[in-house]
Each structure stands twice: as C-alpha cells, then as structure tokens.
Amino acid sequence: MPRIMKAFAIAALSIGLCAAAGMQAGCKRNALKCVPCGDFGLPCAEYLQCQECMGVDASGGFKVEYTSGAKMVTKGPDATVYDPSGNFCYSIKGVAGGVEYTVDDKKYIDHNDGTWSCPDGGTWTRPESCGSGNTCTNDDCDYDGIRNNTDNCPSVYNPAQTDTDNDGTGDACDTADCTTPIPPPLCSEQ
C-alpha cells in the first residue's frame, strides 16, 4: 500500500505545478501560465487525468495506466511517464531538497518551497500571482486562446473546450467527468 500511495503522490505532483492541462492530441507541452525557469512544461502531462488501473510493469515497476493510454511507472521514489504510444515523456526523481524533473535531457529541481533550480544554473521563484485564489488580470488566464468570459474552464489550458457531459463546465475542470474508483482496478499482469 505505501507504494500505491507514493505513486499517487508522484502523479498528483506531476500534474499540479499550477494547473492540469486539458486533453490534446499528440505529445505536446503544457501551456501553463506559471512555468519555472521560463521554459519548463511537462510533455504529455495532459494525459495524466483519469486513472484506469494499477499493476506491475514488465520491468518490475509499479504501474498506473490512464484512460488515455498513458502510463506512469514508479520504482522506489522515481517515476517515468510515457505517452499513449509508449514514447518517453519525462522522468521524476527524488533528490536531496526536492524533486528533479528531467525533460529533453534538461534537469529542473522543485525545492517544494516555491523555488526551482534551472538547467542553466539559475534559479526561479514562483510569483505570488501563481498561487491559488489570486485573481487573473488578463482576459485569457490559462493562455489557451479562449477568452475567460467564454472559456468553459478558464483556469486550466483546454483549447479544445471538451465537455463530455455537456454541463457547461469543461472536462479539464469537471471532476465528475473523471470518475475513477479508489483504488482503480488492477491492470492485467504483463
């Protein structure tokens, strides 16, 4: 059970930088408004939404599969995320003083206090405007090309505006569209 809880914690961390991204086609970077170091975005994070099942990967790692077909495999405190086609997206590794993300061979360290170490050796501090509950002053808070007054989920990047249950709230903001048993069913053994 501790491995399951650790996997959930890593999954939650990986999609919670500032907002979860909406579903998109292909393996694209998130267009989050609060990205560390000026260039950081987690490729394929948009797929880590509805968990489908949990199990053991062929390599012996703990596996979480998502309804999109994406997969996260954890071994100890480390994790690797794959897109629905099985391509590598990024890795997560626990390090002294934080969590290290490796994206395109670049390493970013979240020190869990609002500061990050950047690949170029510099640091980045999350602005107050990135915190939850702050009012967005521009007319497209999530930078998805849809103005706030017509966006069905103005706080989360969702250019497709997908609304599966037609309730007026986009899937990216509608937890009812993403119901998953806790814990999810076990995946078939590989």
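The values are calculated or read from the model by the stated rules, or taken from the named source; none is laboratory data. What you see is a predicted model, and the numbers here were worked out from it, not measured in a lab. Cβ placement follows ideal geometry from the backbone for every residue including glycine, while neighbour counts extend to all protein chains displayed.
For the reader, a short list of remarks on this structure follows.
- Residues in the stretch 81-102 that are without any contact (Cβ under 8 Å) to a residue 12 or more places away in the chain and in a strand (DSSP E or B): F88, E100.
- G69 vs. criteria out of contact with any helix residue (DSSP H, G or I) (no Cβ under 9 Å at 6 or more places or on another chain) and outside any strand (DSSP E or B): no
- Checked against the criterion of being over 16 Å from C187 (Cα atoms), among the aliphatic types (A, V, I, L, M), at pLDDT 90 or above and more than 15 Å from the chain's Cα centre (by Cα), the stretch 85-97 has at least one qualifying residue.
- V64 meets each of the listed conditions (1) assigned to a strand (DSSP E or B); (2) over 24 Å from C173 (Cβ atoms); (3) not charged (D, E, K, R) apart from (2).
- Flag for T115 being within 21 Å of Y47 (Cα to Cα), without any contact (Cβ under 8 Å) to a residue 60 or more places away in the chain, hydroxyl-bearing (S, T, Y) and out of contact with any Lys or Arg (no Cβ under 6 Å at 6 or more places or on another chain): no
- Condition broken by E46, with the remaining ones in (1) at pLDDT below 85; (2) closer than 24 Å to D144 by Cα; (3) in a loop (DSSP other than H, G, I, E, B) satisfied: (3)
- Some residue of the stretch 156-177 being polar (S, T, N, Q), under 25 Å from D39 (Cβ atoms) and at pLDDT 80 or above: no
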